[in-house]
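Chemist: Please find one structure pasted underneath; my questions will follow.
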Amino acid sequence: MSATEITKRFNISHGTCHNNILPQLQAYFLPGRRRPVYKLVDIEALSQVRVVDPVEKMCSDVEQGERQNNLAPLCRLLNDALSS
């Protein structure tokens, strides 16, 4: 896949792709091609990476006692919804 195809697949900008995605992948330069291509297997492996939602981070902070407020019940509710 080319970088343009990767940006379309992940629905991200070219800048985001070049700064965050492409450094994680091995570039392959094929004869007759000006720009590198990337293995679909590597891209699929990268797409399996879990993105942590800021709500999850906040809830883990609440559960660890770093925040003392009334967010704990809300976080339990969100965690239940995310796990199902």
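Chemist: With a 10 Å radius around each residue's Cβ, average the other Cβ atoms per peptide and rank 2-10, 18-26, highest first.
Modeler: Highest mean packing first, the order is 2-10, 18-26.
Chemist: If each of Leu40 and Arg9 carries a label point 7 Å out from its Cα toward its Cβ, how far apart are those two points in nm?
Modeler: Going by the 7 Å Cα→Cβ label model, 0.9 nm.
Chemist: Let me ask something else about it. If you place +1 on the Cβ of every Lys and Arg and -1 on the Cβ of every Asp and Glu, how big does the dipole about the Cα centre of the range 3-47 come out, in debye to the nearest 20?
Modeler: Once rounded to the nearest 20, the dipole reads 200 debye.
Each reported figure results from applying straightforward, stated rules to the coordinates on display, with no laboratory input. On a predicted model such as this, the values are computed, not experimentally measured, just so you know. Backbone-built Cβ (ideal geometry, glycine too); neighbour counts: all protein chains shown.
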